[in-house]
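> I'd like to ask you about the structure that follows.
Values in this text are rule-based calculations from the coordinates and carry no lab data. Treat the numbers as computed from the prediction; the structure is a model and nothing was measured. Cβ placement follows ideal geometry from the backbone for every residue including glycine, while neighbour counts extend to all protein chains displayed.
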Amino acid sequence: MPETHWTLTLDDAKRMLDAAEAAAVQTGLPYNIAVVDRGAHLVAFARQDEALIGSIELAIDKAKTACFFAQPTANLATLAAPGGPLFGIQESNAGQVVIFGGGVPVWINGHIAGAVGASAGTIEQDLQVAEAAVAAVSTPQPEERKPS
């Protein structure tokens, strides 16, 4: 039997961007928001008016990182600390790995389907915006996975 591959569609990404932009309004900051598919390829991106230019690549790389490792980017900070099991991981994948919060994977029917990255504010604000996007399409994820 062929394996079913779950991935985010453009319609999913549009719903996610709408939810994230609504959450961004609550922060009072203009946001950069990126949605990637299961292969970590950009599906959709929104840069709200006046959002920081320096946060564009951060949003995209947060989404990619969450997809690469099937976990929120905030989880990688502790693991990548000096002496940690993933020390130096931020240098992998052509330097696109982000080890602070704002990237969150999307799970659909127990399968990673993509991820979202948000960048503009504090880690807590970025997580708030990213999690709003995920809530627009995600279903419960399996037990937390550790990167290998």
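> What ranking do 8-16, 125-133 get when scored by the average of other Cβ atoms within 10 Å per residue, highest first? Please list the in-between numbers first.
Details: 8-16: 18.9, 125-133: 25.2.
Ranked from most to least packed, the peptides come out as 125-133, 8-16.
> Determine the sum of side-chain charges near Ala94: Lys and Arg each +1, Asp and Glu each -1, restricted to other residues whose C-beta is under 14 angstrom from that of Ala94.
Numbers: positive: Lys64; negative: Glu57, Asp61, Glu91.
Net of charged neighbours comes to -2.
> What translational diffusion coefficient, to the nearest whole µm²/s, does the chain have by Stokes-Einstein, given a Kirkwood radius computed over alpha-carbon pairs, a temperature of 25 °C and 0.890 mPa s viscosity? Numbers along the way, then the final one.
Values: Rh = 14.9 Å.
After rounding, the answer is 165 µm²/s.
> May I pose another question? Run the simple label-point estimate for Ala22 and His41 please: 7 Å along Cα→C-beta, distance reported in nm.
In this crude spin-label approximation the distance works out to 3.0 nm.
> Turning to a different aspect of this structure: Give me the distance between the Cα centres of segment 14-78 and segment 83-102, rounded to whole Å.
Segment 14-78 and segment 83-102 have Cα centres spaced 17 Å from each other.
> Next up: Counting pairs of alpha carbon atoms under 8 Å apart in space and at least six apart in sequence, what relative contact order in percent does segment 10-135 give? Show your work: numbers first, answer last.
Details: 293 pairs, mean separation 38.4, N = 126.
Once divided by the residue count of segment 10-135, the mean separation gives 30 percent.
> With label points built 7 Å along Cα→Cβ from the Cα atoms of Thr78 and Gln96, find their separation and express it in nm.
2.8 nm
> Modelling each spin label as a point 7 Å along the Cα-to-Cβ direction, I'd like the Ile53/Asn109 distance in nm, to one decimal.
4.4 nm
> Do the sum for the chain: with -39,500 (n - 2.57) for every DSSP H run of n ≥ 4, divided by all residues, what is the mean residue ellipticity at 222 nm, to the nearest 500 deg cm²/dmol? Working shown, then result.
Details: 4 runs with 52 residues, N = 148.
Only helices count here, giving -11000 deg cm²/dmol.
> Which whole-Hz couplings ³J(HN,Hα) result when phi for each residue of segment 97-111 is put into the Karplus expression 6.51 cos²θ - 1.76 cosθ + 1.60, θ = phi - 60°, listed in order with x for Gly and Pro?
Values, residue by residue: 7, 10, 10, 10, x, x, x, 9, x, 10, 10, 10, 6, x, 10 Hz.
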